[in-house]
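First up is the structure itself, then whatever we jot down about it.
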Amino acid sequence: MFYLKKVLEEHGKISVGVVGAGIMGTSLVSQLEIIDNFMPQVQSSRKIESVLESFNKAGILKEKIKITNELDEALRYIEQGYYIATTNNEIPAKFTDCVVDCTGDTEAGAQISLWAIESKTDIVTLNVEMDATIGAYLKILADEAGIIYTGSSGDEPGAIIELFEFLKTTGFDILVLGKGKNNKLNNYAIPDELCDEAISRGLNPRMLTSFVDGTNTMTELNAVCNATGFVPDTRGCHCFTTSPKEIAKDIDLKEYGGMLNSYGIVDFAMGIAPGVFAIVRAKSDVIKSEMKYLSMGDGPNFAIYRPYHLTSIEVPNSIIRAVVLRDSSIVSIGAPVAETIAIAKKDLKAGDFIDGIGGYSVFGQLEKAEIQKKENLLPIGLIVGNVRLRRNVKKGQALSYEDVILDENSVIVKLRREQDKKFILT
């Protein structure tokens with residue numbers, strides 16, 4: 001019992017760097033500050049005021065905080081036991097035991113990960129947008145550097161994988177993996193329409209837009225695909241409407257009255273947020289009978305439903321697994337099997353610059369990697385910096401690499417080029 005707590009006590013203090021001071025980053029700093037043997041030693045954000053507010057909310061005294069963007073100075077203060085507030089993301093990535101990426105920015109996440117790999121700092125990322133784009137390659141680089149690269153417990157992909165591991169270990173056939181949709185779905189939502197709601201919820205309008213337009217759900221399921229080998233049943237998934245008690249009945253093959261073409265797939269549903277689920281089948285009549293006895297349904301398919309995910313509150317478990325146990329909570333197991341591709345939100349004109357996730361130009365849809373490769377479709381996570389259209393793209397059309405001029409100075413674009421060389425699908 002209490003295995004993670006025990007191994008943490010035996011290991012001793014873990015110094016953590018947190019990048020981002022939004023809801024997730026701020027919550028994580030407070031969580032780490034109250035848990036024995038953790039120290040949120042460095043936090044970075046675009047605005048130093050946000051970091052200082054985060055430290056203040058965590059109860060960290062002003063006299064224990066040093067503000068600096070200089071590497072040498074930061075290292076000296078860290079050695080003296082101070083907390084560091086900075087706008088330089090390189091500091092938390094280089095001078096802690098583990099860096100946690102809470103940015104949701106694909107370009108920032110790529111650079112943070114590279115710095116961490118160079119410095120042999122373990123990486124826990126909540127940045128599923130980046131992970132869906134280059135996570136498979138970062139795993140290779142991390143392995144070569146002898147560090148751990150991992151997604152996090154608490155985020156929905158991590159919560160799904162916990163179900164997946166449990167069910168694999170207990171001998172079930174796993175048919176479907178999925179999550180509830182926490183917001184309404186409108187693929188064509190733009191920040192202007194959601195600004196007031198975002199402010200009232202303490203969110204950046206672009207972040208809320210990425211939730212509402214479905215991109216965030218797609219990248220989360222993308223991470224699950226690459227960690228399990230499951231794929232979307234159709235481009236963008238089906239988006240079911242169900243309830244916790246009806247999941248297994250509502251999500252099934254066409255031949256049984258459902259919408260699915262096959263099993264071994266991921267999807268999402270309205271009506272079961274903030275939970276995650278797996279649909280399974282028992283391998284023996286004895287187990288099927290026991291599942292029925294346990295009020296899990298009549299079978300043959302059973303839904304295993306977890307009604308919550310606690311985002312940053314669960315991150316410390318992933319940090320312990322990474323730093324102490326040298327294990328990942330969720331990570332790509334090889335070549336990507338799915339991609340989150342860019343779909344036009346409006347008619348786009350040749351010569352125009354377009355923005356990426358959570359913006360006005362595109363939203364993301366999950367697609368099988370083999371189709372993405374065959375059609376040369378553009379992963380949405382690569383739309384960073386100055387991206388210009390070569391030709392017109394109609395609303396609702398998937399963008400291809402030929403449609404755009406990417407920013408080749410971008411870190412994530414460079415890493416994606418290397419990933420594509422590494423995993424050539426034949």
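Just one residue in the set Thr219, Thr228, Thr209 is of a type outside the set (Gly, Ala, Ser), surrounded by fewer than 24 Cβ atoms within 10 Å (Cβ to Cβ) and at pLDDT 95 or above; that residue is Thr228. Could you say whether any residue in the stretch 164-172 is under 24 Å from Ala342 (Cα atoms) and in contact (Cβ under 8 Å) with a residue 40 or more places away in the chain? No, that holds for no residue. Selection over the stretch 276-325 of residues that are under 23 Å from Lys181 (Cβ atoms), hydrophobic (A, V, I, L, M, F, W, C) and touching a strand residue (DSSP E or B) at 6+ places or on another chain (Cβ under 9 Å) gives a count of 9. Of the strands (runs of 3 or more DSSP E) lying entirely inside the stretch 328-426, those carrying at least 2 residues that are at pLDDT 95 or above and over 27 Å from Pro157 (Cα atoms) are 387-389. No other residue among Ile117, Ile123 is over 20 Å from Ser30 (Cβ atoms) and in a strand (DSSP E or B) apart from Ile123.
What do you reckon, is Lys283 assigned to a loop (DSSP other than H, G, I, E, B), under 20 Å from Ile174 (Cα atoms) and basic (Lys, Arg)? Spelling it out, Lys283 is indeed assigned to a loop (DSSP other than H, G, I, E, B), under 20 Å from Ile174 (Cα atoms) and basic (Lys, Arg). Only one of the numbered conditions (1) surrounded by fewer than 24 Cβ atoms within 10 Å (Cβ to Cβ); (2) of a type in the set (Ser, Thr, Tyr); (3) touching a residue at least 40 places away in the same chain (Cβ under 8 Å) is not met by Ser153, and that is (1). One residue stands out in the stretch 403-423 among those that are under 23 Å from the mean Cα position of the chain (by Cα) and β-branched (Val, Ile, Thr): the one that is surrounded by the most Cβ atoms within 10 Å (Cβ to Cβ), namely Ile412. Thr150 fulfils the conditions (1) hydroxyl-bearing (Ser, Thr, Tyr); (2) in contact with a Leu (Cβ under 9 Å, 6 or more places away or on another chain); (3) outside any loop (DSSP other than H, G, I, E, B) except for a single criterion, (2). Filtered by the rule that a residue be in a loop (DSSP other than H, G, I, E, B) and closer than 23 Å to Cys102 by Cβ, the stretch 294-327 gives Tyr308, His309, Leu310, Val324, Leu325, Arg326, Asp327.
Which residues, counting only those in the stretch 248-277, are under 18 Å from Pro157 (Cα atoms) and β-branched (Val, Ile, Thr)? Within the stretch 248-277, Ile265, Val266, Ile272, Val276 meet the criteria. Yes or no: the stretch 359-366 includes at least one residue that is exposed (fewer than 15 other Cβ atoms within 10 Å of the Cβ) and in contact with a Phe, Trp or Tyr (Cβ under 9 Å, 6 or more places away or on another chain). The answer is no, given that none of the residues of the stretch 359-366 is exposed (fewer than 15 other Cβ atoms within 10 Å of the Cβ) and in contact with a Phe, Trp or Tyr (Cβ under 9 Å, 6 or more places away or on another chain). All of Ala398, Ala350 fail the test of being surrounded by 15 or more Cβ atoms within 10 Å (Cβ to Cβ), in contact with a strand residue (DSSP E or B) (Cβ under 8 Å, 6 or more places away or on another chain) and outside the structural domain of Trp115 (by TED's automatic domain parsing), apart from Ala398. Considering only residues in the stretch 106-123 that are within 16 Å of the chain's Cα centre (by Cα) and of a type in the set (A, V, I, L, M), the one that is farthest from Glu220 (Cα to Cα) turns out to be Ile112.
Of the residues in the stretch 111-120, at least one is at pLDDT 95 or above, surrounded by fewer than 24 Cβ atoms within 10 Å (Cβ to Cβ), farther than 25 Å from Asp267 by Cα and aliphatic (A, V, I, L, M).
Taken together, the criteria exclude Gly171 from residues that are under 12 Å from the mean Cα position of the chain (by Cα) and either surrounded by fewer than 21 Cβ atoms within 10 Å (Cβ to Cβ) or modelled with pLDDT of 95 or more (or both). Where strands (runs of 3 or more DSSP E) fall entirely within the stretch 1-68, none has at least 2 residues that are over 14 Å from Thr86 (Cβ atoms) and outside the structural domain of Ala110 (by TED's automatic domain parsing). Among the residues here, Thr209 qualifies as more than 23 Å from Pro307 (Cα to Cα), touching a Leu at 6+ places or on another chain (Cβ under 9 Å), assigned by TED's automatic domain parsing to the domain that holds Tyr256 and among the polar types (S, T, N, Q). Looking across the stretch 79-110, just one residue is surrounded by fewer than 24 Cβ atoms within 10 Å (Cβ to Cβ), under 20 Å from Val324 (Cβ atoms) and not charged (D, E, K, R), and that is Phe95.
Are any of the residues in the stretch 96-112 in contact with a strand residue (DSSP E or B) (Cβ under 7 Å, 6 or more places away or on another chain), free of Cβ contacts under 8 Å to residues at least 40 places away in the same chain and of a type in the set (A, V, I, L, M)? The answer is no; no qualifying residue exists.
The values are calculated or read from the model by the stated rules, or taken from the named source; none is laboratory data. All values reported here derive from a predicted model rather than from experimental measurement. With ideal geometry, Cβ positions are generated from the backbone for all residues, glycine too; neighbour counts draw on all protein chains shown.
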